[in-house]
Amino acid sequence: MYNNYENVNRKRFQSMSGKVGLWLMMCVGIILTSCSSSDDNDTDLRLEVSPTSVTLDSNGEANIVITSNSVWEISTGASWLSSTVKSGKGTATVTLRATSANNSTSDRSAVVTVSGDGLNTQHVSVTQKAGGSYTPETPDTPDPPTTPTLSVSPTTLTMESGEGQADFAIYSNTSWTVTSNQSWCYTLTKSGEGNRYIITVYVEPTNLTADRTAIITVKSATLTATLTVTQKGSEFETTGSHEGHDWVDLGLPSGTLWATTNVGASTPGGYGSYLRWSTWAVDWGGSWRMPTWEECSELISSSNTTMKWERQDGHYGHRITGKNGNSIFLPAPGWKTTITGSSAMQEGETGQYWSSTFDDSGESVWTMWVIGDAGIAGRSASTSVGYLYCIRPVMDR
């Protein structure tokens, strides 16, 4: 009996299982049919663009949104307009950008086209605002001519009696030249243009006791400016007479005053007396004496004087000029010995003059000599016995 009951239940279960399976199969079929119907509907292609018009500044940009379920491409339609992409698929944001400024006075426009196979073509109207303004062309006009200016600062300079220099400035917007009306006052700068803040004025020493004046003139094509240079006179007389004999201050470092004539001569060019050396050879009285070798050396030094071969009072010799402009004439009397008697050796060719200074041996004396137009000068040691030379006296101030 139990087996019959089991058989009956088994048959019932099998019957129910079959019905449930059939029901499940029917549901799955319905779902599949529904999905298939939905996919078939999505095959409709679509394309939308928003917005359909944009306005750009002269050099600006704007975004558009493309909504699609297919492949599309963009054409900007103008050389001055670009897009960040040329093609795409599905939904995307695209930037439209002006590639050049609109420099005209009018707005300009372009039409952007978005299209694809099977898609409805979309258009976006793009307007770029004007960025320029109309200015009528006018012929170039030359700049007005610059008014020339010229001035100097300071306008006056005062300088001492010795050799010296000082500076001034030129203020100008044009070219100029510089001149002086006195040879003792000059500038190395002779011309220039524009501002020049340092122009150096040089003055030579003066042998005058009175002040003297020079005018420095700075001149352009139409303007003139002047600088007045005043040089003070010397504190001392630079020429004079002592015990009946004339003297000259040559502006030498020692301040030694030199006689204008040799011992025994009546004129600057005269040879005078040929004498043996003696500390008493100068008998002019007062402060007159024989020069030391140091004083002779500074007289013929090119650092202190210049020498020029020339003729005076019928004799050749050297014109020796100091920096202060004063000079003496030193003739070329040659020299004699006690043997030659009255005949002079190298007369008119050389000059041989005694100094009061012994050489290192203590037996000979230094002499100053000058040779002809070569301007050669120096010293030699001569014994005091047998030689006869000329003497040019000196004195202290």
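The values are calculated or read from the model by the stated rules, or taken from the named source; none is laboratory data. This is a predicted model, so every value here is computed, not measured. Heads up, the Cβs are rebuilt from the backbone with ideal geometry, glycines too, and the neighbour counts pull from every protein chain shown. Surface accessibility is based on the protein's heavy atoms, side chains included, excluding ligands, DNA and RNA. Shrake-Rupley method; radii C 1.70, N 1.55, O 1.52, S 1.80 Å.
In the set (1) more than 28 Å from residue 322 (Cα to Cα); (2) among the hydroxyl-bearing types (Ser, Thr, Tyr); (3) at pLDDT 95 or above, the condition left unmet by residue 197 is number (3). Counting only residues that are within 26 Å of residue 107 (Cα to Cα) and open to solvent by 20 Å² or more (accessible area, probe 1.4 Å), region 63-73 holds 2 of them. Mind checking which pairs have a first residue in region 97-109 that is of a type outside the set (Phe, Trp, Tyr) and a second that is at pLDDT 85 or above and open to solvent by 80 Å² or more (accessible area, probe 1.4 Å), Cβ under 6 Å, 6 or more apart or different chains? Correct list of pairs: 97/61; 107/129.
When region 214-249 is filtered for residues that are closer than 30 Å to residue 262 by Cα, touching a residue at least 60 places away in the same chain (Cβ under 8 Å) and outside any strand (DSSP E or B), the ones remaining, listed by number, are 233, 234, 235, 236, 238. Pairs are defined by a Cβ separation below 9 Å, a sequence spacing of at least 6 or placement on different chains, a first member in region 339-353 that is under 18 Å from residue 377 (Cβ atoms) and acidic (Asp, Glu), and a second member that is at pLDDT below 90 and open to solvent by 40 Å² or more (accessible area, probe 1.4 Å); the pairs so defined are 349/371. One residue stands out among those in region 101-110 that are surrounded by 12 or more Cβ atoms within 10 Å (Cβ to Cβ) and more than 15 Å from residue 53 (Cα to Cα): the one that is nearest to the chain's Cα centre (by Cα), which is 101. Restricting the first member to region 187-210 and to residues that are charged (D, E, K, R), and the second to residues that are outside any loop (DSSP other than H, G, I, E, B) and surrounded by fewer than 15 Cβ atoms within 10 Å (Cβ to Cβ), the beta-carbon pairs closer than 6 Å and six or more apart or on different chains are 193/175.
Checking each residue in region 151-161 for being open to solvent by 20 Å² or more (accessible area, probe 1.4 Å), touching a residue at least 60 places away in the same chain (Cβ under 8 Å) and either within 23 Å of residue 250 (Cα to Cα) or of a type in the set (Ser, Thr, Tyr) (or both) picks out 151, 155, 156, 158, 160, 161.
Please verify whether region 209-219 includes one or more residues that are touching a strand residue (DSSP E or B) at 6+ places or on another chain (Cβ under 8 Å), of a type in the set (Lys, Arg) and open to solvent by less than 80 Å² (accessible area, probe 1.4 Å).
Pass one, region 209-219, residues touching a strand residue (DSSP E or B) at 6+ places or on another chain (Cβ under 8 Å): 211-219.
Imposing the further condition that a residue be of a type in the set (Lys, Arg) reduces the set to 212, 219.
Keeping just the survivors that are open to solvent by less than 80 Å² (accessible area, probe 1.4 Å) gives 212.
Within region 209-219 (the criterion being touching a strand residue (DSSP E or B) at 6+ places or on another chain (Cβ under 8 Å), of a type in the set (Lys, Arg) and open to solvent by less than 80 Å² (accessible area, probe 1.4 Å)), the answer is yes, since at least one residue qualifies.
Looking across region 43-100, the residues that are over 60 Å from the mean Cα position of the chain (by Cα) and of a type in the set (Val, Ile, Thr) come down to 43, 49, 52, 64, 65, 66, 67, 71, 74, 91, 93.
Look at region 316-334 and say how many of its residues are open to solvent by less than 50 Å² (accessible area, probe 1.4 Å), in a strand (DSSP E or B) and not β-branched (Val, Ile, Thr). Residues in region 316-334 being open to solvent by less than 50 Å² (accessible area, probe 1.4 Å), in a strand (DSSP E or B) and not β-branched (Val, Ile, Thr): 8 in total. Annotation note: of 284, 293, the sole residue that is open to solvent by less than 50 Å² (accessible area, probe 1.4 Å) and touching a Phe, Trp or Tyr at 6+ places or on another chain (Cβ under 7 Å) is 293. Screening 35, 27 for residues that are modelled with pLDDT under 50, of a type outside the set (Asp, Glu) and open to solvent by less than 60 Å² (accessible area, probe 1.4 Å) leaves exactly one candidate, 27.
In the set 338, 350, only one residue is open to solvent by 40 Å² or more (accessible area, probe 1.4 Å), of a type outside the set (Lys, Arg), out of contact with any helix residue (DSSP H, G or I) (no Cβ under 7 Å at 6 or more places or on another chain) and modelled with pLDDT under 95; that residue is 338.
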